[in-house]
Amino acid sequence: MRDFHYYFRDYYHCGEYIEVQGDKLICELSSKYALNQQFEGVIHSDRIEIVSKHKEFVERRFGLGNINLDFEYDPELAEDGYVLKVEKERILIAARNKRGIQYAVDALDVIAESRGGSIRLPLVAIHDEPSFRIRGIIEGFYGEPWTFADRLDSIEFMARHRMNTFLYAPKDDRYHRELWREPYPEAEFANIRTLKQHCDERHIDFYYCISPGNDMKFASPADFECIFRKLRAMMDIGVKHFAVLMDDIDYVPKEENAHFLERPGLAHAYLVNEINRFLQESLPHYRLVMCPSEYWSYWDTEYKKDIRETMDASVLVFWTGYFVFAPVIDRKHASDNRRFYGHDLILWDNIPVNDADRGRIFMGPVRNRYSRLAQHGHVGFVSNPMNQWELSKIPLITLSHYMWNSERYEPDVSWNLAVNEFAPELVDAMTFFCANNDNGRLWFGRDEALERAIETRDVAVVDRHYQQWASVLEQLQAWNNEKFLAEAGPWLERAQHDIRLWRAIREALASGTEQAKAAAAEQIARSKEQQTRIGSDIALRAAERWGLCPQPEPTTEG
C-alpha cells in the first residue's frame with residue numbers, strides 16, 4: 001500500500017524522512033491519554049513494539065526504544081478517528097478511543113519502510129477519520145454458515161481494514177431463526193463466547209441478532225420471556241449490542257396477532273420497543289438495530305409510517321437500498337428513506353452475497369453508492385458477504401475503503417489495491433479471474449471486444465480470451481492458498497470446461513466435419529448442465545450465435 005493520499009483522509013508530507021535503526025520500531029511510550037496507562041493487549045502490530053517509560057524495567061534501561069511515542073486524548077476527533085504526526089524526535093498519536101489508537105499504529109506500520117537493518121519514516125501529519133460510525137460485516141446470508149475458523153479470520157480481517165462491527169445473523173443457524181425460543185447447545189454457545197472474546201481483543205463490536213418474526217406471538221408473555229432469556233445469556237458473556245431481524249417473513253398479522261395488533265408495522269414496533277425497554281433496564285450502555293420486513297423500496301408505506309411514529313427513536317434501522325440487490329443507491333433514495341423511517345439508518349449492502357445466485361461468485365468492487373450517505377441519516381454501512389469467506393475478501397477490501405472514506409472512494413482504484421493485497425504474486429491472473437466473476441446483479445457491463453467478436457464471428461479474439469484463461473488457470477491452480485482453491489474450485493473447473501468447449505467449437509468451425517460438430521454438440525450439452533457459471537458464457541453464446549447448437553426436433557401432431 002503506497003497510495004497514501006487515497007488510503008488516508010488527509011496526508012501531509014513535504015518530502016523529508018527520518019531513519020531509525022533496527023528491524024522494528026521500539027517505541028518508548030509517554031502518554032497523556034489516561035492516568036491508568038494499561039495498553040498491554042491494546043496495540044497489535046508485527047513491526048511496532050510499545051514499551052512504557054513508566055515501567056520499572058524501562059526506567060532501569062532508559063534508551064531501550066529507538067523512537068519516542070506520545071499518546072494524547074482528543075475529544076474533538078470523530079469516533080475511531082486519529083491524528084498521527086511523525087516528527088524528527090518523536091511520534092505523536094492523538095485519538096478519542098482505543099480503536100483510534102490502534103488505527104494510528106496501523107497507519108504507522110503502513111507508512112514505515114524497511115531498509116535492511118533500519119526503518120525509514122516520512123515526516124508526515126495524517127488526519128484520518130471514518131465516514132461511518134458503524135462499519136463492518138453481517139453474516140446474514142442463506143445457506144451453509146461460515147465455519148468457526150472463518151468467523152475468527154473475519155474478525156482479524158476487519159481489524160486490519162478499519163472495520164469495527166460484526167453482526168452474527170446466519171439465516172441457517174437454527175437457534176437464531178427457526179429455534180429462536182430455545183437456548184443454544186453448550187458447544188455452539190461456547191463458540192459464540194469465544195467469538196465475542198476475540199472481537200473484544202481486536203476492538204470489534206459484536207452484535208447478537210435474533211429473528212423471531214416467523215412465528216412470534218406478540219401478545220404472549222412467554223414468547224417475550226424466551227427472547228429475554230436468550231438476550232440475558234448473551235449479556236452474561238459481555239454482549240452489549242443486539243439486532244432484531246424481521247426480514248424475509250410473511251409479516252401480515254394473523255389470528256391472535258391480528259386481534260392484538262392489526263398492522264405489521266405496529267406489531268414490529270411493539271416487539272422492538274419491548275426489547276428496547278428490557279435492554280434499558282438491563283444494561284447501562286447498548287445499541288439496538290431493527291431490520292424491518294420492508295427493508296427495501298424507495299417509497300413511503302403504512303408500515304414505514306407505523307415504524308417512524310411508534311418505534312423508539314434510539315433504535316437504528318437497516319435497509320438494503322431501493323432493491324434487495326441495489327445497482328445504485330443515490331442521494332434521493334437515501335434521503336427519502338431516512339425521512340420515511342424516521343430513524344437513523346444502517347445500509348445493509350448485499351454485496352458480495354451470492355445466496356440468491358449460487359452458481360456465481362462475485363469478485364468485483366462495490367460501485368454506485370452515493371459518496372455522502374453519512375450526511376443523509378446513515379450512521380453505518382455493513383456488508384453481507386458470500387458463503388465463501390475467502391472469496392469475499394477482495395470485494396470486502398473495496399467496501400472497507402468506501403466505509404472509511406466514501407467521499408473519496410473510486411471503485412477501480414480500490415479493486416486494484418484489493419487484488420494486490422490479496423494475491424501480490426498473482427496480480428494479473430487474479431485480476432482476470434475477478435473481472436470474469438464480476439457482480440452481474442449490480443454491474444451489467446460486458447467485455448465489448450468479446451461481444452463484438454461474437455457478433456462478427458471473430459474466432460481469433462475469442463481464441464485469445466481462452467488462451468488467457470488457460471494461462472490463468474495454470475497459475476491459480478499452482479498457488480499455495482489452499483482456502484482459495486477449495487472455495488474457487490467449482491468455478492475453476494467451470495472455466496476449464498469452457499476452455500474445452502471453446503476448443504471443440506473452434507475445431508468444428510475449422511474442419512466442418514460431422515465428427516467435430518458432434519463433439520462440439522456434446523460439450524455444449526454438458527455446458528447447459530453445469531451448476532456454476534463464469535463471465536457472460538462467451539463460448540456457449542458463440543456456439544448459439546454461430547449455429548453450432550443442435551436445434552430441437554420438430555414435433556408432429558397425430
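Scanning the stretch 296-303 for any residue that is part of a helix (DSSP H, G or I), assigned by TED's automatic domain parsing to the domain that holds residue 139 and modelled with pLDDT of 95 or more turns up at least one such residue.
With respect to (1) outside any helix (DSSP H, G or I); (2) more than 13 Å from residue 241 (Cβ to Cβ), the lone exception for residue 206 is condition (2).
Do the conditions hold for residue 124, that is, is it modelled with pLDDT under 95 and among the hydrophobic types (A, V, I, L, M, F, W, C)?
no
I need a count of the residues in the stretch 451-465 that are over 31 Å from the mean Cα position of the chain (by Cα) and either hydrophobic (A, V, I, L, M, F, W, C) or under 30 Å from residue 355 (Cβ atoms) (or both). Before you say what the answer is, go through the steps one by one.
Taking the stretch 451-465 first, the residues over 31 Å from the mean Cα position of the chain (by Cα) are 451-464.
Narrowing further to those that are either hydrophobic (A, V, I, L, M, F, W, C) or under 30 Å from residue 355 (Cβ atoms) (or both): 451, 453-454, 459-462.
Total satisfying the criteria: 7.
Scoring residue 244 on the criteria (1) within 19 Å of residue 147 (Cα to Cα); (2) part of a strand (DSSP E or B) leaves a single failure, condition (1).
Would you mind stating whether residue 525 is outside any loop (DSSP other than H, G, I, E, B) and crowded, with 18+ Cβ neighbours inside 10 Å? Against the criterion (outside any loop (DSSP other than H, G, I, E, B) and crowded, with 18+ Cβ neighbours inside 10 Å), residue 525 does not qualify. Apart from one condition, residue 258 fits all of (1) over 21 Å from the mean Cα position of the chain (by Cα); (2) assigned to a helix (DSSP H, G or I); (3) buried (at least 20 other Cβ atoms within 10 Å of the Cβ); the exception is (3). For first residues located in the stretch 475-500 and touching a residue at least 60 places away in the same chain (Cβ under 8 Å) and farther than 26 Å from residue 461 by Cβ, partners that are surrounded by 15 or more Cβ atoms within 10 Å (Cβ to Cβ) and of a type in the set (S, T, N, Q) and lie 6+ apart or on another chain with Cβ distances below 7 Å form the pairs 487/388. Tallying residues that are surrounded by fewer than 15 Cβ atoms within 10 Å (Cβ to Cβ) and closer than 27 Å to residue 390 by Cβ within the stretch 445-466 yields 2. For the stretch 507-516, enumerate the residues that are of a type in the set (D, E, K, R) and either outside any helix (DSSP H, G or I) or closer than 21 Å to residue 460 by Cβ (or both). Residue satisfying the conditions is 507 alone. Of the residues making up the stretch 363-384, at least one is of a type in the set (A, V, I, L, M, F, W, C) and under 26 Å from residue 471 (Cβ atoms).
Residues that are more than 17 Å from the chain's Cα centre (by Cα), among the β-branched types (Val, Ile, Thr) and buried (at least 24 other Cβ atoms within 10 Å of the Cβ): list the strands (runs of 3 or more DSSP E) wholly contained in the stretch 315-417 that include at least 1 such residues. Give the derivation first.
On the way: elements: 316-319, 345-349, 378-383.
Per the criteria, 316-319.
Determine whether the stretch 474-494 contains at least one residue that is of a type in the set (Lys, Arg), over 25 Å from the mean Cα position of the chain (by Cα), at pLDDT 95 or above and over 25 Å from residue 394 (Cα atoms). Within the stretch 474-494 (the criterion being of a type in the set (Lys, Arg), over 25 Å from the mean Cα position of the chain (by Cα), at pLDDT 95 or above and over 25 Å from residue 394 (Cα atoms)), the answer is no, since none of the residues qualifies.
Listed here are the residues, each with its yes/no results for (1) over 23 Å from residue 252 (Cβ atoms); (2) crowded, with 19+ Cβ neighbours inside 10 Å; (3) free of Cβ contacts under 8 Å to residues at least 40 places away in the same chain.
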site: 170; (1), (2), (3): yes, yes, yes
site: 186; (1), (2), (3): yes, no, yes
site: 192; (1), (2), (3): yes, yes, no
site: 195; (1), (2), (3): yes, yes, no
site: 201; (1), (2), (3): yes, no, no
site: 215; (1), (2), (3): no, no, yes
site: 223; (1), (2), (3): no, no, no
site: 227; (1), (2), (3): no, yes, no
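Among residues of the stretch 359-374 that are over 18 Å from residue 439 (Cα atoms), those with a beta-carbon under 6 Å from a residue that is assigned to a loop (DSSP other than H, G, I, E, B) and among the polar types (S, T, N, Q) at least six positions away or on a different chain give the pairs 371/406; 374/131.
Give 440, 445 a once-over and let me know the one that is under 30 Å from residue 173 (Cβ atoms), outside any helix (DSSP H, G or I) and either out of contact with any strand residue (DSSP E or B) (no Cβ under 7 Å at 6 or more places or on another chain) or in contact (Cβ under 8 Å) with a residue 24 or more places away in the chain (or both). Before you say what the answer is, go through the steps one by one.
Details: 445 fails: under 30 Å from residue 173 (Cβ atoms).
Result of the check over 440, 445: 440.
Here is the figure for the stretch 140-188: residues that are in a helix (DSSP H, G or I) and under 30 Å from residue 224 (Cβ atoms) total 4.
Would you confirm whether any residue within the stretch 480-489 is in contact with a Phe, Trp or Tyr (Cβ under 7 Å, 6 or more places away or on another chain), of a type in the set (A, V, I, L, M), assigned to a helix (DSSP H, G or I) and crowded, with 18+ Cβ neighbours inside 10 Å? No, because not a single residue in the stretch 480-489 is in contact with a Phe, Trp or Tyr (Cβ under 7 Å, 6 or more places away or on another chain), of a type in the set (A, V, I, L, M), assigned to a helix (DSSP H, G or I) and crowded, with 18+ Cβ neighbours inside 10 Å.
The values are calculated or read from the model by the stated rules, or taken from the named source; none is laboratory data. Given the structure is predicted, the values throughout are model-derived calculations rather than measurements. With ideal geometry, Cβ positions are generated from the backbone for all residues, glycine too; neighbour counts draw on all protein chains shown.
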